[in-house]
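Undergrad: Sharing a structure below in structure tokens format, with a few things to ask.
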Amino acid sequence: MTLVAIGACYLDTILTAPYYPGEDEKLRASRISRRRGGNCPNTLEVLGQLLQYGPFSAESSLNLIAVLPSKSSVPCQQIQSSLGNMVRLDRCIYRERFSEPASSYIITSQTTGSRTIVNYNELPEMTRTEFATAVEPLRAVTDRPWFHFEGRAPDVTLECIRYLREYFPGAEISVEVEKPGRPGLRELADVADVVIYSKGWAQSNGYTSAEDCLRDQSLKTSQASLLCCTWGSDGAAALEPKTGNFAHVPAHTEGVGVVDTIGAGDTFNAGLLYGLIYRGRDWGFRKKLEFANLIAGLKVTQEGFTDLQ
Ligand code: FRU
């Protein structure tokens, strides 16, 4: 089974601070760490681990489509080595005139567990034509690929999804609706098969719980067979608009210290895609949600994404 994840790739610099500082304050962090980030790369890194334990077939392939700086730049090489040999980067779009990667500067607060992210990204966004050129060769390889979109640059993403509906009629398409206030995300949700909403997006749209968000959004998404919503310490929920199946699961972190919440949502997405794509009908609706929630819960109790098993 071929999965193509489309989204940005970041290099993250993470400062662990005792609390989140006020404006103009000076504060000493207790720790600094640097790692490759980005929603889709994080999701693929976790999926790469999950697939090592099966069911992994020779045709399974994990592909990233991200805009990256020059192939020969040091950051680009770091990005490649961070993803190992389970994730293919040969469909990425390399901007040869750029050497600065997309970067995030993140402050995590030891008091609240929050992670505040400031991004910098000078790489020109992918165009629909670049996307079509990158995925076109897959038509000869698979007729049922899965495309997962981070849901950035909604205008271009919408064009990419329209292209896929025309040229990959058997494809499944999932979309992450994450960033509060980003216009155009509702339109993306409306053309996707699977939609994953973040708590931040849901709250910014006036919803007070995952269930509230899903029940209302199910009236506004015409095509989706599955809607999910993560809600931090309140767990996650899923709804199948066509069958009416609904489930809510509590978070898995109670009683265990929260260590690192960066990429918890990305890990949830990996768990969900693993269930949907690689476990299919073997796992029921509730089990897929439980697994995604469990693996996201495991993630927040440890630093980074390695050895999540
Ligand atoms: C976490 C993350 C970070 C990255 C940022 C991009 O979800 O993907 O790794 O820097 O979000 O928005």
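No value in this document is a laboratory result; all are computed from the given coordinates. Predicted, not measured: the structure shown is a model, and the values here were computed from it. Neighbour counts run over all protein chains shown; Cβ positions are idealised from the backbone, glycine included.
Undergrad: In terms of modelled amide H atoms, which long-range or inter-chain residues lie less than 5 Å from the amide H of Val67?
TA: Excluding prolines and chain starts, which carry no amide H, the hits are Cys9, Ile93.
Undergrad: Sticking with this one: Per-residue ellipticity at 222 nm for the chain, helices alone: DSSP H runs ≥ 4 residues times -39500 (n - 2.57), over residue total, nearest 500 deg cm²/dmol?
TA: Rounded to the nearest 500, the figure is -9000 deg cm²/dmol.
Undergrad: Rounded, prolate or oblate: which fits region 29-145, taking a ≥ b ≥ c as square roots of the Cα gyration tensor eigenvalues, rounded meaning a/c under 1.5, else prolate when a/b beats b/c?
TA: Oblate, since a/c reaches 1.5 and b/c is not below a/b.
Undergrad: Let me ask something additional. With charges only on Cβ, +1 for K and R and -1 for D and E, what is the dipole size of the chain about its Cα centre, in debye, rounded to 20?
TA: On the way: 31 positive and 36 negative charges, 62 e Å.
In debye, rounded to 20, the chain gives about 300.
Undergrad: Restricting to bridges with both residues inside the chain, how much of the DSSP beta-bridge set is antiparallel, in percent to the nearest 5?
TA: Counting only bridges with both partners in the chain, antiparallel ones make up about 40 percent.
Undergrad: With only Lys, Arg, Asp and Glu charged, each at its Cβ (+1 for the first two, -1 for the last two), find how big the charge dipole of region 47-158 is about the Cα centre; round to the nearest 20 debye.
TA: 140 debye
Undergrad: If packing is taken as the mean number of other Cβ atoms within 10 Å per residue, what is the order of 152-165, 286-299, highest first? Show your work: numbers first, answer last.
TA: Working: 152-165: 18.7, 286-299: 21.7.
The peptides rank, most packed first, as 286-299, 152-165.
Undergrad: Apply the Karplus curve 6.51 cos²θ - 1.76 cosθ + 1.60, θ = phi - 60°, to the phi angles in region 86-91 and return the couplings in whole Hz, x for Gly and Pro.
TA: Values, residue by residue: 8, 10, 8, 10, 6, 9 Hz.
Undergrad: Restricting to DSSP loop positions (anything but H, G, I, E, B) with no more than 12 other Cβ atoms inside 10 Å of their own Cβ, which chymotrypsin sites (Phe, Trp or Tyr not before Pro) remain in region 1-77?
TA: Of the chymotrypsin sites (Phe, Trp or Tyr not before Pro), the ones in loops of region 1-77 whose Cβ has at most 12 other Cβ atoms within 10 Å are Tyr53.
Undergrad: Under a cut-off of 25 Å between alpha-carbon atoms, report the lysines in cross-link reach of Lys179, not counting same-chain residues fewer than 8 places apart.
TA: Lys199, Lys220, Lys288, Lys299
Undergrad: Next question, about the same structure. Check which residues have an amide H placed less than 5 Å from Tyr197's amide H, if you skip close sequence neighbours.
TA: For Tyr197, the qualifying residues are Val177, Cys228, Cys229, Thr230.
Undergrad: Something else now. In whole angstrom, how far apart do the alpha carbon centroids of region 67-127 and region 130-163 sit?
TA: Answer, in whole Å: 20.
Undergrad: Now for a different question. May I ask for the distance between the Cα centers of region 243-286 and region 193-240, given as a whole number of Å?
TA: 13 Å
Undergrad: Looking at the square roots a ≥ b ≥ c of the eigenvalues of the Cα gyration tensor of the chain, which shape do they give, rounded for a/c under 1.5, prolate if a/b is larger than b/c, or oblate?
TA: Because its axes are fairly even, with a/c under 1.5, the chain counts as rounded.
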